[in-house]
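Enquirer: Can you read through this structure? Questions will come right after.
The values are calculated or read from the model by the stated rules, or taken from the named source; none is laboratory data. Just so you know, these numbers come straight off a predicted model, no measurement behind them. Every residue, glycine as well, gets a Cβ built from its backbone with ideal geometry; the counts of neighbours run over all protein chains shown. The area values use the complete protein model at the heavy-atom level, side chains included, leaving out ligands, DNA and RNA. Shrake-Rupley method; radii C 1.70, N 1.55, O 1.52, S 1.80 Å.
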Amino acid sequence: MTKIGLAGLGYWGPNLARNFDALAELTWLCDMSEEQRARFAQRFPQARVTGDFEEMLADPELEAVVVATPAVTHFELAKRALQAGKHVLVEKPPALNSAEAEELTALAAERGLVLMPGHLLLYHPAVRKLKELVEAGDLGEILYVYGNRQNLGKIRTDENALWSLGVHDLSVILHLVGEEPSEAWARGESFLNPGVEDVVFCYLRFPSGKTAHMHLSWLDPHKMRRITVVGREKMAVFDDMELDRKITVYDKGPEQRTATYGEWQTRTGDIFIPKIPSDEPLRLECRHFLALIEGEGDPNEAARDGVLVVRALEQLQNSLVGAPA
C-alpha cells in the first residue's frame, strides 16, 4: 500500500487523514500544533507525528505527501515535497499565482511525479453526471453557465471570497466548458474586514462565445451551492444542498418555429432527475490520487488543469483590485 504523509491537521486535514487511513498506509502526520499532534496521534496510532516537515520528507519509505495547510503555504510545501521525490496532493489552490502553479507542474513532470490539486467538486458524482450530459449533447449547444456559492460564514481574514469559495465553482465551470477564458473580470466589496472581499461577482467569456458568471459570498441569508448549465435544448442544475435531487434536467429552451416570422418562442417539457451515486467525493478524489501514483491515467493532467484554474483566479483577482490584466 502507498505510504502517505499528511501535513496539516486543521479544518480539512482530518477528513483526508480518515480517507487515506482507509485506502493507503498513513505513516506520518505533521502539524505545528502540539495539541493537534497529540490529539491525532491517539486516533491514528500507527502514524509517526512531527512538527517538522523536513523530518517527514526525510523518510525514504514515504512515497506521497498530502498538503492541507493554509493556502499561503501550499506552493512552498508542495515544492519541497516534489524536490524530495514525493508525489503530492495539495489542497486548493496549489499556488497563489500562475507562475508558481506552472513551476510546480513543470517540476512534477520533470521528476516523473504526480501533482494533483484538491479540486474536490470534480470528483462529485453529480458533477461527473453533469459533464456526461454536456459531452453527450443532451443539453444542446451550451450557452452559459453560472454558479451560486453563498452562506452566512465561514468569515475569513486570510483570503477573500474569490479564492476561498470561487475556486470550487471555477474548477467546475472550466471543466464543463473545456476552454480557458479569454476575458475575466470581477467586482467585490469588503464589508467586514478591510481588503478582504466578502462578496464577489465574476464574469467569464470564452473563445467559443460561451459565458459564465459566479456569485460568491459569506454574507448572505441563504446557503447555496448551485451550478446551472443553460443549453439551447435543455437546462441542468446541480444543487449540492439537495439530498435526493442533486441534478435536475429541465426540458426547456428557446426555439424558432417555421410557422412564425422568426420570433423566438419558449418551449417547456418534462423534468428529469437522474439517480446519482452517493459516493463520498473526497473518497473518490483520494482513490484517484492513489491510482495515478500506481500508473493509471495521465499523471500530469490534473496539475495542468490546476494551472488553468489558478490562471483564471489570477485574472479575476487582478480585475478585482483594478490591476492590469
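Enquirer: Using a Förster distance of 51 Å, how high is the FRET efficiency between LYS252 and ASN318, based on the Cβ-Cβ distance and rounded to 0.05? List each step's numbers first, then the result.
Expert: Values: r = 36 Å, r/R0 = 0.71.
Efficiency computed from Cβ-Cβ geometry: 0.90.
Enquirer: Across the chain, where is the longest run that never hits chymotrypsin sites (Phe, Trp or Tyr not before Pro) in a DSSP loop with at most 14 other C-beta atoms within 10 Å?
Expert: Working: sites that count: TYR11, PHE191, TYR261.
The answer is 12-190.
Enquirer: Here's another thing I want to ask about it. Quick one: work out the % antiparallel among DSSP beta bridges in the chain, nearest 5. Please report the intermediate quantities before stating the final value.
Expert: Values: 40 of 67 bridges.
In the chain, approximately 60 percent of DSSP beta bridges are antiparallel ones.
Enquirer: While we're on this one: Please give the FRET efficiency for LYS3 paired with GLU183, using the beta carbon to beta carbon distance and R0 = 45 Å, rounded to the nearest 0.05.
Expert: Values: r = 45 Å, r/R0 = 1.00.
Once the sixth-power term is evaluated, E becomes 0.50.
Enquirer: So how much accessible area does GLU132 have, in Å² to the nearest 10, using a 1.4 Å probe?
Expert: Approximately 100 Å² of GLU132 is accessible to the 1.4 Å probe.
Enquirer: Now for a separate question. Could you give each residue of the stretch 225-239 its phi-based ³J(HN,Hα) in whole Hz, using Karplus coefficients 6.51, -1.76, 1.60 with θ = phi - 60°, and x for Gly or Pro?
Expert: My calculation for the stretch 225-239 gives 9, 9, 10, 10, 10, 9, x, 6, 9, 9, 10, 9, 10, 9, 10 Hz in order.
Enquirer: Shape call for the stretch 134-249 from the C-alpha gyration tensor, a ≥ b ≥ c root eigenvalues: rounded (a/c under 1.5), prolate (a/b greater than b/c) or oblate? Let's see the in-between values first.
Expert: Values: a/c = 2.82, a/b = 1.51, b/c = 1.87.
Cα axes put the stretch 134-249 in the oblate bin.
Enquirer: Hey, got the Cα dimensions of the chain along the principal axes, in Å, largest first?
Expert: Answer, in whole Å and largest first: 75, 43, 39 Å.
Enquirer: Once Rh for the stretch 173-325 is found with the Kirkwood sum over Cα pairs, what is the Stokes-Einstein diffusion coefficient at 25 °C and 0.890 mPa s, in µm²/s? Walk me through the numbers before you get to the answer.
Expert: Values: Rh = 19.0 Å.
Using the Kirkwood radius from Cα pairs, D works out to 129 µm²/s.
Enquirer: Then there is this: Could you tell me how far the Cα centroid of the stretch 112-160 sits from the Cα centroid of the stretch 199-260, in Å?
Expert: With the stretch 199-260 and the stretch 112-160 each reduced to a Cα centre, they are spaced 12 Å.
Enquirer: Tell me the label-point distance for the pair ARG39, TRP264, using the 7 Å Cα-to-Cβ offset, in nm and rounded to one decimal.
Expert: 5.3 nm
Enquirer: Now, a different point. Once you have a ≥ b ≥ c as the square roots of the Cα gyration tensor eigenvalues for the stretch 86-183, tell me rounded if a/c is under 1.5, and otherwise prolate or oblate according to whether a/b is larger than b/c. Walk me through the intermediate numbers first.
Expert: On the way: a/c = 1.91, a/b = 1.23, b/c = 1.55.
Note, shape of the stretch 86-183 comes out oblate.
Enquirer: Still on this model: Helix 34-43 against the longest principal axis of the chain: what's the angle in degrees, Cα atoms only, rounded to the nearest 10?
Expert: Rounded to the nearest ten degrees, it is 80.
Enquirer: For the chain, give the magnitude of the charge dipole about the Cα centre (Cβ charges: +1 Lys/Arg, -1 Asp/Glu; no others), in debye to the nearest 20.
Expert: Value, rounded to 20: 780 debye.
Enquirer: Could I ask something else about it? Is there a pair in LYS3/LYS92; LYS79/LYS131; LYS129/LYS252; LYS79/LYS129 whose C-alpha atoms are over 25 Å apart, and which pairs would that be? Walk me through the intermediate numbers first.
Expert: Working: LYS3/LYS92 22 Å; LYS79/LYS131 31 Å; LYS129/LYS252 19 Å; LYS79/LYS129 34 Å.
Listed pairs above 25 Å: LYS79/LYS131; LYS79/LYS129.
Enquirer: Grab the Cα-Cα distance for ILE155 and HIS222, subtract it from 0.36 nm times how many residues apart they are, and report the gain in nm with one decimal.
Expert: Working: separation 67, 0.36 × 67 = 24.12 nm, distance 1.46 nm.
Extra length from ILE155 to HIS222 when fully extended: 22.7 nm.
Enquirer: Could you order MET32, MET56, MET241, MET1 by accessible surface area, starting with the largest, using a probe radius of 1.4 Å? If you can, show how the numbers build up before the last one.
Expert: Details: MET32 180, MET56 0, MET241 80, MET1 150 Å².
So the residues, ranked largest to smallest area, are MET32, MET1, MET241, MET56.
Enquirer: Roughly how many debye, to the nearest 20, is the charge dipole of the stretch 202-302 about its Cα centre, given +1 on each Lys and Arg Cβ, -1 on each Asp and Glu Cβ, and no other charges?
Expert: Numbers: 15 positive and 17 negative charges, 102 e Å.
Using Cβ point charges on Lys, Arg, Asp and Glu, the stretch 202-302 gives about 480 debye.
Enquirer: As I understand it, the value is the acute angle between the Cα axis of helix 98-111 and the longest principal axis of the Cα atoms of the chain; what does it come to in degrees, rounded to 10?
Expert: Taking the Cα atoms of the chain, the angle to 98-111 is about 60 degrees.
Enquirer: Another one. Give me the angle, in degrees from 0 to 90, between the Cα long axis of helix 125-136 and the longest principal axis of the Cα atoms of the chain, rounded to the nearest 10.
Expert: Tilt relative to the chain: about 50 degrees.
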